[in-house]
Amino acid sequence: MFVYSGEDTYESYLSAKEHIKQIAKDKNSNFKIINEDEINSVNDFLYNLESIDIFGSSSIIFAKRIFNNKDISNYFTENIESLKNSELIIWTDKPLDKKTKLYKTLSLHKLFKEFVIPKPFELKNWIKNKSKDLNILLTETACNFIIENVSTDKWIIEKELQKLNMLDRTKADTEDIKEIFGLTVKGDLWKFLDQVGYRDKFKAIVEFEKLTKYEDTSQLIISLLHREFKIIAQILSTQGDRSQLSNLGLPSFLLNKGLEKSKKYTFKEVKNFITRLFNLDYAIKSGEIDDKIGLTLLLLTL
């Protein structure tokens, strides 16, 4: 048994997937995927874990997000000794709460790995390597532009780099990034983010309609909204302490705008918005709600 978690869901998911594939290869068997919405109780989980296939082999399980179920989370805490030797890989798309018994139990038994958001220089190296894999040569300016203005979400960056590859942009500068990454569609993405940051929700919704009219940019918008509110949360957490503000390592233009925007929110409001944004992202990806409807409803709560 092993658990993969953390804010860098790209690396945590790929690592979890590689691990389960290796187990299946070593056992010369297949693995079964179970998702959060397929497990309603501890008994459901145990049924999947203990089931025997028609060839008499024990199940190899790749479980996604099951710790969102508190009963299952508690079951793992109380029964770790009987579970730790099972052929079970668990992936969760958010960090484990360090205050919980589950986190402490998994830590004690060294049964999980957490992937943190990469530092800027690490992300830049990743972007360069990923671009190289796709036969794309990015200029240094283009790499910096992606990190500072587009996203730190590797899922988003990879998807957009693939667009460059499909359009045969083997060498890309900042203008190519703006064009291909959906930043020059009808509407102004930066104006939209400022309208959200300054809590001008009706103008933000109008701009959002423009941004999504001709192209599916919802995942990029979610990523940038998360980045926007994370910056505001970081600034609010310093409580105006100038030395702490400088330690955030934010570029001056982001810091100055962030300081103005932070006056519009309390830390609790920002935390709640990030939580709702996370839940919406999952609902969109699982098909529970249309992306444009979900984002519009979210913007109405500003």
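The values are calculated or read from the model by the stated rules, or taken from the named source; none is laboratory data. Quick caveat: nothing in here was measured; it's all calculated off a predicted structure. No Cβ is skipped: glycine too gets one built from the backbone with ideal geometry, and neighbour counts run over all protein chains shown.
Remarks
- In the range 278-302, the residues that are loosely packed, with under 14 Cβ neighbours inside 10 Å never reach a residue that is modelled with pLDDT of 90 or more with C-beta atoms less than 6 angstrom apart, at least six apart or across chains.
- Set D216, D241: member being surrounded by fewer than 13 Cβ atoms within 10 Å (Cβ to Cβ), among the acidic types (D, E) and closer than 17 Å to D153 by Cβ: D216
- Per-region count, the range 1-52, residues out of contact with any helix residue (DSSP H, G or I) (no Cβ under 9 Å at 6 or more places or on another chain), of a type outside the set (D, E) and part of a loop (DSSP other than H, G, I, E, B): 3
- Conditions (1) on the phi > 0 side of the Ramachandran plot; (2) buried (at least 19 other Cβ atoms within 10 Å of the Cβ); number of the one not met by W91: (1)
- Hits in the range 94-116 - residues which are touching a strand residue (DSSP E or B) at 6+ places or on another chain (Cβ under 8 Å), buried (at least 16 other Cβ atoms within 10 Å of the Cβ) and of a type in the set (A, V, I, L, M): L96, L106, L111
- Where a residue in the range 1-29 is buried (at least 16 other Cβ atoms within 10 Å of the Cβ) and its partner, wherever it lies, is charged (D, E, K, R), with Cβ under 6 Å and at least six apart: M1/K84; Y4/K113; S5/E114; G6/E114; T9/D93; Y10/K154; I23/E87
- Residue in the range 118-129 that is outside any helix (DSSP H, G or I) and out of contact with any Gly (no Cβ under 7 Å at 6 or more places or on another chain) present: yes
- Any hit, the range 43-55, residues being under 23 Å from the mean Cα position of the chain (by Cα), more than 21 Å from D8 (Cα to Cα) and without any contact (Cβ under 8 Å) to a residue 12 or more places away in the chain: no
- Verdict on S59 being farther than 23 Å from E7 by Cα, in contact with a strand residue (DSSP E or B) (Cβ under 7 Å, 6 or more places away or on another chain) and modelled with pLDDT under 90: yes
- Within the range 133-182, the residues that satisfy the criterion of being in a loop (DSSP other than H, G, I, E, B), at pLDDT below 75 and more than 17 Å from L123 (Cα to Cα) are L167, D168, R169, T170, F181, G182.
- Subset tally (residues that are over 13 Å from L298 (Cβ atoms) and among the aromatic types (F, W, Y)) for the range 193-210: 2
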